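Written out below as structure tokens is the structure these notes cover.
The values are calculated or read from the model by the stated rules, or taken from the named source; none is laboratory data. Predicted, not measured: the structure shown is a model, and the values here were computed from it. All Cβ positions, even for glycine, are placed from backbone atoms using ideal geometry, and neighbour counts span all protein chains on display. All accessible areas refer to the heavy atoms of the entire protein, side chains included, with ligands and DNA or RNA removed. Shrake-Rupley method; radii C 1.70, N 1.55, O 1.52, S 1.80 Å.
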Amino acid sequence: MDFALSDDQKALRGLARDFAKNEIRPKAEHHDKTGEYPLQILKKAWEIGLMNIHIPEKYNGAGMSELNDAIIGEELFWGCSAMATAILANNLALAPVLIGASDEVLKKWIQPMTEQFQLCAYAVTEPGAGSDVAGIRTTARKVGDEYIINGSKMWITNAGYADWFFVLTKTDPAAGHKGITGFIVSSKTPGVVVGKKELNMGQKCSDTRGITFEEVKVHKSQMIGKEGDGFKIAMGAFDHTRPGVAIGAVGVARAAMEHALEYAKTRTAFGKPIMENQAISFMIAEMARDIEAGRLLCHQAAWLIDNGFRNTYQASIAKVFCADACMRITTDAVQVLGGYGFNSEYPVEKLMRDAKIFQIYEGTSQIQRLIISRYLTEGKGIEGPNL
């Protein structure tokens with residue numbers, strides 16, 4: 001058992017950390033206040049190799065591991081979680097395609113992403129179907145060699161800038177989750193209507209929109225897997241992406257703890273730095289405890305999938321632990337800073353607003369608890385990874 005990063009991984013972490021420090025953090029406040037999409041920062045991230053890292057070498061990609069993704073993600077989210085979400089959202093849309101697509105699709109749609117800057121989006125959630133993915137209503141009916149897609153999606157990250165979408169549809173509404181099928185759909189296809197940018201509580205410069213599909217025609221070759229494989233492929237993608245989202249919560253929590261610690265060491269009350277008061281020092285010690293535990297959970301879940309083991313249980317534990325810890329840590333950081341923490345001129349109130357989404361997107365904290373409890377009911381998981 002080895003917890004050490006390789007020299008290559010340390011170099012990758014350094015690259016991501018420097019990018020977060022020099023490119024992301026100096027612009028975070030501006031993008032939070034204006035909501036302006038950080039397109040130029042995304043292009044710089046693509047240019048230095050921090051995007052689309054999972055595209056296989058066969059298609060001119062880097063073919064990196066999920067653990068490498070976690071290493072990059074922690075640093076970028078430490079910089080600004082809104083920008084990091086925009087930078088890394090491609091990973092979510094790419095995951096089901098890399099799992100289920102044909103060689104033809106990968107060469108046509110994925111390989112070009114290594115040659116020029118492109119964005120893609122995971123279009124699954126609907127106005128009436130979030131956690132209940134099997135409840136989606138978007139349909140795709142077969143007409144000759146084409147499928148005609150009709151329906152609406154909601155809360156789609158990068159929707160306004162995406163070149164293509166991974167879209168989950170019902171090809172057989174009577175078959176439940178076994179009647180769900182995924183497609184790649186170009187954003188320029190006639191009938192694709194992208195809605196207004198949503199104004200959210202946190203991660204304000206992340207581009208989140210609704211999408212409507214009105215008689216959108218796609219060729220059968222754009223299907224991911226076979227008819228009826230969509231639910232299985234989409235859920236399998238979460239095993240790959242949830243460790244990366246969970247580590248994002250670690251990055252935000254780490255940033256909050258650092259701000260709280262710096263303040264506690266310099267702010268004096270009753271004749272001494274407040275860090276010397278147990279009420280404050282223990283609060284910050286607990287932040288460090290949960291950050292360390294969360295990072296290990298994320299690295300374990302990533303390592304499992306990289307080494308061919310199913311990680312659904314561990315990925316859900318990492319996601320729920322890190323999301324809940326991040327919300328608590330950012331809230332406590334605001335408390336440590338007191339009135340300054342509540343003020344928008346100080347960074348921790350932004351971190352607290354940004355933190356909330358980790359308990360919601362890529363499976364709510366309640367859904368993660370449901371997954372974990374089902375594993376335990378079936379007698380799985382509690383003894384640790386079955387290696």
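³J(HN,Hα) across the range 298-309 via Karplus (A = 6.51, B = -1.76, C = 1.60, θ = phi - 60°), whole Hz, x for Gly/Pro?
5, 5, 5, 4, 5, 4, 4, 5, 5, 9, x, 9
So how far apart, in nm, are the two label points at residue 7 and residue 360 if each is 7 Å from Cα heading toward Cβ?
4.6
Over the range 60-104, what lengths in whole Å, largest first, do the semi-axes of the equivalent ellipsoid take, defined as the square roots of 5 times the eigenvalues of the alpha-carbon gyration tensor?
Equivalent-ellipsoid dimensions as semi-axes: 23, 12, 8 Å.
Can you compute the radius of gyration and Dmax for the range 120-227, using only the Cα atoms, both in Å?
13.4, 45
Given the convex hull over the Cα atoms of the range 231-378, what projected area results after averaging over all orientations, in nm²?
The directionally averaged projection comes out at 9.7 nm².
If you project the alpha carbons of the chain onto their three principal axes, what span does each projection cover, largest first, in Å?
Principal axes ranked by extent give 80, 49, 41 Å for the Cα atoms.
Pick out, in residue order, every one of the trypsin sites (Lys or Arg not before Pro) in the range 148-196 that is DSSP loop and has at most 15 other C-beta atoms within 10 Å; say none if there are none.
Loop-located and lightly packed - 188.
As a test of understanding, state the convex hull volume per residue of the range 203-300 from its alpha carbons, in Å³.
Roughly 155 Å³ of hull volume per residue.
Let me know the number of lysine pairs in the range 19-59 closer than 17 Å at the Cα, not counting same-chain pairs under 8 apart.
Final tally of qualifying lysine pairs is 4.
At q = 0.15, 0.17, 0.20, 0.21 Å⁻¹, what log₁₀ I(q)/I(0) does the range 194-243 have when each alpha carbon counts as one equal point scatterer in the Debye sum?
With no solvent term, the Cα-only Debye profile gives -0.75, -0.89, -0.99, -0.99.
Once both labels are modelled 7 Å past Cα along the beta-carbon direction, what's the residue 345-residue 21 spacing in nm?
So the label points at residue 345 and residue 21 sit 2.7 nm apart.
So what are the three principal axis dimensions of the range 139-290 from its Cα atoms, in whole Å, longest to shortest?
The principal-axis extents, from largest down, are 80, 30, 23 Å.
With only alpha-carbon atoms in the gyration tensor, what are the semi-axes of the equivalent ellipsoid for the range 7-115, in Å, largest first?
25, 16, 11
Go through the range 218-271 and name the chymotrypsin sites (Phe, Trp or Tyr not before Pro) that are in a DSSP coil and have 12 or fewer other Cβ atoms within 10 Å of their Cβ.
Answer by residue number: 270.
Specify the residue with the greatest mean-square fluctuation among 239, 103, 32, computed from a Gaussian network of the chain linking alpha-carbon atoms under 10 Å apart.
103
With the cut-off at 16 Å, report for the range 1-64 the share of all Cα pairs above it, as a whole percent.
Cα-Cα pairs in the range 1-64 separated by more than 16 Å: 59 percent.
Restricting to lysine pairs 8 or more places apart or on different chains, what number in the range 120-227 have Cα atoms under 17 Å apart?
Lysine pairs meeting both conditions in the range 120-227 amount to 18.
What value, in deg cm²/dmol to 500, does the helix sum -39500 (n - 2.57) over DSSP H runs of n ≥ 4 give at 222 nm once divided by the residues of the chain?
So the helix-based figure for the chain works out to -15500 deg cm²/dmol.
Please compute the per residue accessible area over the range 109-242 with all protein chains in place, 1.4 Å probe, rounded to a whole number of Å².
Ligands and nucleic acids excluded, the figure is 41 Å² per residue.
At a Förster radius of 56 Å, what calculated FRET efficiency corresponds to the Cβ-Cβ distance of residue 108 and residue 272, to the nearest 0.05?
0.30
First measure r as the distance between the Cβ atoms of residue 188 and residue 310, then evaluate 1/(1 + (r/R0)^6) with R0 = 30 Å and state the FRET efficiency to the nearest 0.05.
My answer for the efficiency is 0.20.
In degrees between 0 and 90, to the nearest 10, how far off the longest principal axis of the chain does helix 7-19 point, with axes built from Cα atoms?
Computed tilt is about 80 degrees.
Considering only protein heavy atoms and a 1.4 Å probe, what is the carbon-and-sulfur percentage of the accessible area of the range 223-370?
Whole-percent figure for carbon plus sulfur exposure: 59.
If I take every Cα pair under 8 Å that is 6 or more residues apart in the chain, average their sequence separation and divide by the length, what percent do I get for the relative contact order?
16 percent.
Ignoring any ligand, DNA or RNA, what whole percent of the accessible area of the range 98-189 comes from carbon and sulfur when the probe is 1.4 angstrom?
The computed percentage sits at 48.
Using a Förster distance of 30 angstrom, determine the FRET efficiency expected from the C-beta separation of residue 34 and residue 235, and round it to 0.05.
About 0.25, to the nearest 0.05.
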